[in-house]
Amino acid sequence: MREANPIDLTIPLSLYIHFPWCVRKCPYCDFNSHPLRGTLDEAGYLRALRQDLSAQLEDVPTRSIQSIFFGGGTPSLFSPDAFAELLDGLSELMTPDAEVTMEANPGTTEYHDFHEYRAAGINRLSLGAQSFADVQLERLGRIHSACETHESFAKAREGGFDNVNLDLMYALPQQTVDEAMFDLETAIVLAPEHISWYQLTIEPKTEFARRPPILASETAVEDMEKRGHALLAEAGYRRYEVSAYAKDSHQCLHNSNYWRFGDYLGAGAGAHGKRSNATGIIRTSKPRQPRLYLADPETTKELPLRLSDLPGEFMMNVLRLFDGVEFELFTQRTGLPIEVIGERWQSLVDLGLASEERLTATPLGYRHLDSLIQRFL
Ligand SMILES: C[S@@+](CC[C@H](N)C(=O)[O-])C[C@H]1O[C@@H](n2cnc3c(N)ncnc32)[C@H](O)[C@@H]1O
Ligand code: SF4
């Protein structure tokens, strides 16, 4: 691999904060989430987060934060006061129009008031609806009914949230194409600004991997995708990433920064980060187990990326974006000259899988995204 130039250090910076507890573990989930036993030690976790953040922020003294994502687990188990305190401590480091998202589980939203989350400084909400069929919610081990999702959505609107995402999954156990379309149609009627529509994957070491449910057939899944994409497009939701659909200009800034290979700090149990500095790019991670994290919140494991890994890491992210990115971004974000991927890119252009104008797959290439990305790994 050739020598790299310095990376452009004015690249955007985001912050991810992880909340590792849930009321109960869903059988499909392999996120770093742990069933809450006993009461939540909110003050203890906040103390750890403050220590963690102040240590990590020392490494990026001159950069401002353009987006914050409180993810989980179930952040909505924590009170509005907890977020107000965290955001107060970060306010001087944030850009004035920073996007601040919180994930919420509809089964926890009677615990706290949405007005208060909004007043704390959260301006985007991501509700884990998953499905609007109670039978599916039960199979998925969810702690809420479809009715509770409707109630949570209404409360979010009443509470002043004008930027809401709904998470939905398809290809659910025994799901028919019509049932998957019903879920999308119901979401569309609610008119959130953003919909994330994920294909259910059976992740190793989950309850579903141990006891596999009967899944929808491959042809049913293809039909779901064909009809689902058309339905979302007709309703004005533009697909801008593999699973992300937005109305107007409501793309998620935070996730888009990951996909554009921007930098982000990761705080909280099991959180990952990526940071560029004068010598290269470092991936960071925190201890996954809440107990270990709480015992030592300041320790961050750092893993410098090898120059030879950069093209693959970059392409794996940017090609997920439906519009891809401009060629210049490759050098800005990796410090490597574009020639490093030039020949491989041209061979994909020749096959009709990639664009000549920018780093983006053609519609045909997008349907074979995994094999396209493989070329750079
Ligand atoms: C980080 S999870 C957390 C959201 C929140 N805890 C909840 O479940 O309501 C974000 C989203 O990923 C999706 N997801 C989780 N596990 C998945 C799986 N195995 N396959 C597909 N999507 C999954 C779900 O739609 C979920 O809402
Ligand atoms: S609530 Fe969300 S994070 Fe928690 S176990 Fe279920 S899917 Fe995973």
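The values are calculated or read from the model by the stated rules, or taken from the named source; none is laboratory data. Small disclaimer: the values here were computed from a predicted structure and weren't measured. Cβ: placed from backbone, ideal geometry, glycine included. Neighbour counts: every protein chain shown. To get the accessible areas, we keep the full protein, side chains included, count just its heavy atoms, and leave off ligands, DNA and RNA. Shrake-Rupley method; radii C 1.70, N 1.55, O 1.52, S 1.80 Å.
Points worth noting:
- Matching helices (runs of 4 or more DSSP H) fully within region 74-142 where at least 3 residues are within 16 Å of ligand 2 (Cβ to nearest atom) and under 21 Å from residue 27 (Cβ atoms): 134-139
- Out of 210, 227, sole residue that is of a type outside the set (Asp, Glu), open to solvent by 50 Å² or more (accessible area, probe 1.4 Å) and touching a residue at least 12 places away in the same chain (Cβ under 8 Å): 227
- Test set (1) farther than 30 Å from residue 75 by Cα; (2) of a type in the set (Lys, Arg); (3) in contact (Cβ under 8 Å) with a residue 40 or more places away in the chain - residue 344 fails condition number: (3)
- Against the conditions (1) closer than 30 Å to residue 54 by Cβ; (2) assigned to a helix (DSSP H, G or I); (3) basic (Lys, Arg), residue 344 satisfies every one except (1).
- Neighbours by Cβ (under 7 Å, 6+ apart or cross-chain): first from region 34-55, outside the structural domain of residue 17 (by TED's automatic domain parsing); second surrounded by fewer than 13 Cβ atoms within 10 Å (Cβ to Cβ): none
- Test: residue 253 is open to solvent by 40 Å² or more (accessible area, probe 1.4 Å), touching a residue at least 12 places away in the same chain (Cβ under 8 Å), within 30 Å of residue 61 (Cβ to Cβ) and not charged (D, E, K, R): yes
- Some residue of region 354-377 being among the aliphatic types (A, V, I, L, M), in a loop (DSSP other than H, G, I, E, B) and surrounded by 15 or more Cβ atoms within 10 Å (Cβ to Cβ): no
- Checklist (1) open to solvent by 30 Å² or more (accessible area, probe 1.4 Å); (2) under 30 Å from residue 221 (Cβ atoms); (3) within 15 Å of ligand 2 (Cβ to nearest atom) applied to residue 165, failing item: (1)
- Annotation: residue 108 fulfils all but one of (1) modelled with pLDDT under 95; (2) more than 16 Å from ligand 1 (Cβ to nearest atom); (3) closer than 28 Å to residue 167 by Cα; (4) of a type in the set (S, T, N, Q); the unmet one is (2).
- Complete set of residues in region 263-275 that are more than 16 Å from residue 58 (Cβ to Cβ), more than 14 Å from the chain's Cα centre (by Cα) and not in a loop (DSSP other than H, G, I, E, B): 274
- Condition check for residue 97: in contact with a helix residue (DSSP H, G or I) (Cβ under 8 Å, 6 or more places away or on another chain), open to solvent by 40 Å² or more (accessible area, probe 1.4 Å) and charged (D, E, K, R): no
- Residues in region 16-58 that are away from ligand 1 (no atom under 16 Å from the Cβ) and touching a Ser or Thr at 6+ places or on another chain (Cβ under 9 Å): 42, 52, 55, 56.
- Matching residues, region 47-73, being part of a helix (DSSP H, G or I) and either open to solvent by 10 Å² or more (accessible area, probe 1.4 Å) or more than 28 Å from residue 106 (Cβ to Cβ) (or both): 47, 50, 51, 52, 53, 54, 55, 56, 57
- Qualifying positions in region 318-340 - in contact with a Lys or Arg (Cβ under 9 Å, 6 or more places away or on another chain) and either buried (at least 19 other Cβ atoms within 10 Å of the Cβ) or charged (D, E, K, R) (or both): 318, 321, 323, 324, 325, 326, 329, 333, 336, 339, 340
- Output for region 6-46, where each listed residue is open to solvent by 20 Å² or more (accessible area, probe 1.4 Å) and away from ligand 2 (no atom under 16 Å from the Cβ): 6, 8, 9, 10, 12, 38, 39, 41, 42, 43
- Residue in region 147-162 that is least open to solvent (accessible area, probe 1.4 Å), counting only those that are within 18 Å of residue 136 (Cα to Cα) and either outside the structural domain of residue 248 (by TED's automatic domain parsing) or within 15 Å of ligand 2 (Cβ to nearest atom) (or both): 149
- Cβ pairs under 8 Å, 6+ apart, first in region 303-329 and without any contact (Cβ under 8 Å) to a residue 60 or more places away in the chain, second open to solvent by 10 Å² or more (accessible area, probe 1.4 Å) and aromatic (Phe, Trp, Tyr): 317/258; 317/259; 318/259
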